Every structure is written in C-alpha cells, then in structure tokens.
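One structure below.
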Amino acid sequence: MWLPEPPPATLHAGDVVVRPHTSTTDPALTDVEVLAAMQGEWRTVGTREAVDARWPHEVAMTVLTHMRYLADAALQDAQWATLTGPIAAAMPDWLSRGLGLAGEPAASAPRRAPDGLAELIEAGLLAEGEQVVLDRHTATVRAGGVLHHGPDEFAVSTVNALATHLCGYTANGWHLWRRTRDNRLLADLRTELARR
C-alpha cells in the first residue's frame, strides 16, 4: 500500500515500510530504506543503495524477516502478559513489579500488547469482547488489545501474529482482519484514529 507520508509509529507497531529514493550516485537507480515501527518510532532496519528496477526483489527478504520477527515478538509479549496477569493480580503490587510480572499495580489496566488493539479500544473504535473476522476465522478482542482465538483460555495472539498463523505465511493482519459488526478493516480503523 502506497502512503503519502509516514504514519504515526505508535499506531503502527509491528509494521514494516519500504522507502524508495532516487539514488544519489545514479538517477537511473534506486536507494531503498526499510523501516519498522518499534517502541513508538520508525527505525531503519535495512538499506540498499543504487539498485536497479529489481529493487523489490532485493529487499523482499529483509521486509519478510522483520515482519515475522515483529509478529513473533508481539505474540510472545501477548502470551506472557496473559499467562502472568492472573498471577500478578494475586500478588502484592511490590512483589509482582519486582518479579517483572506487572509494570504497574495489579489493579490498573492490563499490560498492552505490541501490535495489539489497545489504542483502538481506548478510542472507542473497538470494544473488549467484540469480534473480528478473517475469512472464516473469528477472534475476540480481549483486554490489553490481544485477540483470543479458539477454546483455550490462553490462546491469545496479536493482529499480525494470528493472521500469519492462520494464513500459513507472513501476513499484515491489519489489512486482513475486519470488525464483524460493519466489516471494516482494522487498518481503516487505525487510519481513522490517526486522523483524530
């Protein structure tokens, strides 16, 4: 998807962007920068200088590797937060913080999942318990912005990780998952939030 300007990195955690530029050494060639939205900022994760018209083939593996890495990292964080949340809630606040099970007191909101839906929930564009669909698959939005899929209580994931798992290839779930009530893409909801 072509973008006229860089979107806010905080809303695009887990996304990878490719920026082609006219080469500084030869105007017939292209310099390519690959960026990933991590920890609230766009970070350069790869560059190719002075490549010919086959530059998409040159950067494809870099893009794929970083999309998969970010989806896997977000999935692990979401699963860890889901598993440790009940344990941390039962402990005194000082102990759960000391063990790294909770960044804040247990009575506060659940830990956010990177590549999750927390911002959409906070903005009222999604609600906890609401369902999203990808083809014939349905998932439920849970606290912290994670998706719950299947009968297992701890079978939680994030937008890109679950899409990747269900599709069988590395996928950008923001452009695949749809809000059930009106069939709107999560990517469109995220864009609406960015325009507010």
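The values are calculated or read from the model by the stated rules, or taken from the named source; none is laboratory data. Only a predicted model underlies this, so the values are computations on that prediction, with no experimental measurement involved. Every residue, glycine as well, gets a Cβ built from its backbone with ideal geometry; the counts of neighbours run over all protein chains shown. Just the protein is used for accessible areas: all its heavy atoms, side chains included, with ligands, DNA and RNA removed. Shrake-Rupley method; radii C 1.70, N 1.55, O 1.52, S 1.80 Å.
What is the percent of Cα-Cα separations in region 146-196 that go past 13 Å? The partial results should precede the final answer.
Details: 793 of 1275 pairs.
Value for region 146-196: 62 percent of Cα pairs lie more than 13 Å apart.
Please arrange Glu192, Glu5, Glu41 by accessible surface area, largest first, computed with a 1.4 Å probe and ligands excluded.
On the way: Glu192 60, Glu5 130, Glu41 85 Å².
So, going from the largest accessible area down, we get Glu5, Glu41, Glu192.
Calculate the FRET efficiency for His21 and His175 from the Cβ-Cβ distance with a Förster distance of 30 Å, rounded to the nearest 0.05. All intermediate terms of the calculation are to be shown ahead of the outcome.
On the way: r = 25 Å, r/R0 = 0.82.
That pair, His21 with His175, gives E of 0.75.
Applying the Karplus parametrisation 6.51 cos²θ - 1.76 cosθ + 1.60 with θ = phi - 60° to the phi angles of region 165-176, what ³J(HN,Hα) value in whole Hz is obtained for each residue in order, glycine and proline being reported as x?
Coupling constants for region 165-176: 4, 6, 7, x, 8, 5, 9, 8, x, 4, 9, 10 Hz.
Just to check I understand the Karplus step: with θ = phi - 60° and J = 6.51 cos²θ - 1.76 cosθ + 1.60, what whole-Hz values come out for region 132-146, glycine and proline as x?
With coefficients 6.51, -1.76 and 1.60, one gets 10, 10, 9, 6, 9, 8, 10, 10, 10, 6, 10, 3, x, x, 8 Hz.
Determine one quarter of the surface area of the Cα convex hull of region 1-77, which equals its mean projected area, and express it in nm² to one decimal. Write down the numbers at each step before the final one.
Values: hull surface 21.2 nm².
For region 1-77, averaging the hull's shadow over all directions gives 5.3 nm².
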